[in-house]
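Working notes for the structure below.
The values are calculated or read from the model by the stated rules, or taken from the named source; none is laboratory data. Everything quoted here is computed from the prediction, not taken from an experiment. In this analysis, Cβ positions are derived from the backbone assuming ideal geometry, glycine residues included, and neighbour counts consider all displayed protein chains.
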């Protein structure tokens, strides 16, 4: 049977997650990664045809997971399995609903009185280092990683990836005549050291979607006003900037109308905060392509995030009751505030 070309493309990372939840419960070696959560955020609203995923994993990545992703409605033909092992383990511990730690997993399991998982032996905590401007990683995406028919899509979201990937892929997508390209920057280059490089990444985007902590890091010593930061970024020829503020919701600056909006989070029953920001970006893309209204895009993303955090599986959100997402969307619209 011929597989339909995707209308939406997502480029990012696939991980093997080890998570200590705010409740103290643990998830050990489960599917994760920003590209999964972003695609699910879109699939809440637009499940067909399956969104196309572009990522790189090693030969040690569970094949049964990739097969399962297909069964759950994702197109994984763009996931390149490298002929080598690639360590894509990620460890996160939530000390409360919003504080996510990645340091010293041994200490976190000891605090809970639980044995340290053998599968995490040899795990090295990622260092808070800057991305390289010249050296590709094993997981860095190249133009050739995108299947030919994926370029028939017209909308794409780039999840947090290394600087070199983000400096190349937007131009590839524009050349393929994508009309909507959104990007969520990586902490690895949202740093004053990259101040002169970020404008080129923002130029020409439909939407730039940074997390609050990342945009504050970039503007360190220059500004502490989030609206000022959003306007400065939008000035680099970007249609809109959305700053994701966690439990405070989102700030939207619409460059075309020069309007500011505050969108509070939908009051979800939080179980697992993992992937909320990525699911927001996927929902945002779906909402924008549905309506071409920036505020509606943010509302759709907000609801996708609200569904994802209520379960412990990336696909929990697409198993929600029919009509639940739309009902939440209509309720949330009453709470937005124009600033």
Please go through the range 3-23 and give me each residue that is in a loop (DSSP other than H, G, I, E, B) and closer than 20 Å to residue 187 by Cβ, ordered by number. 12, 13, 14
Go over the candidates 135, 175, 143 one by one and state the one that is farther than 30 Å from residue 269 by Cβ and in contact with a helix residue (DSSP H, G or I) (Cβ under 6 Å, 6 or more places away or on another chain). 143
Just the residues that are touching a strand residue (DSSP E or B) at 6+ places or on another chain (Cβ under 8 Å), in a loop (DSSP other than H, G, I, E, B) and farther than 16 Å from residue 294 by Cβ, please, taken from the range 200-219. 204
Report yes if residue 264 is touching a residue at least 40 places away in the same chain (Cβ under 8 Å) and closer than 26 Å to residue 31 by Cα, otherwise no. no
Test for residue 106: is it closer than 26 Å to residue 276 by Cα and surrounded by 20 or more Cβ atoms within 10 Å (Cβ to Cβ): no
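Conditions tested, residue by residue: (1) at pLDDT below 95; (2) under 20 Å from the mean Cα position of the chain (by Cα); (3) closer than 22 Å to residue 10 by Cα; (4) surrounded by fewer than 20 Cβ atoms within 10 Å (Cβ to Cβ).
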residue: 226; (1), (2), (3), (4): no, no, no, yes
residue: 243; (1), (2), (3), (4): no, yes, yes, no
residue: 248; (1), (2), (3), (4): no, yes, no, yes
residue: 293; (1), (2), (3), (4): no, no, yes, yes
residue: 303; (1), (2), (3), (4): no, yes, yes, no
Restricting the first residue to the range 28-49 and requiring it to be on the phi > 0 side of the Ramachandran plot and crowded, with 24+ Cβ neighbours inside 10 Å, which pairs with a second residue that is outside any strand (DSSP E or B) and at pLDDT below 95 meet a Cβ separation below 6 Å and a spacing of at least six or different chains? none
For residue 174, the lone unmet condition from (1) surrounded by fewer than 17 Cβ atoms within 10 Å (Cβ to Cβ); (2) assigned to a loop (DSSP other than H, G, I, E, B) is (2)
Quick one: residue 85 ticks every box in (1) modelled with pLDDT under 95; (2) exposed (fewer than 13 other Cβ atoms within 10 Å of the Cβ); (3) outside any helix (DSSP H, G or I) except a single one, so which number is it? (1)
What about residue 161, is it under 19 Å from the mean Cα position of the chain (by Cα) and assigned to a helix (DSSP H, G or I)? no
Would you check if residue 196 is in a loop (DSSP other than H, G, I, E, B) and without any contact (Cβ under 8 Å) to a residue 24 or more places away in the chain? yes
How do the pairs read when you match residues in the range 268-284 that are farther than 20 Å from residue 20 by Cα with residues anywhere that are at pLDDT below 95 and not in a loop (DSSP other than H, G, I, E, B), using Cβ under 9 Å and keeping only pairs 6 or more apart or on different chains? none
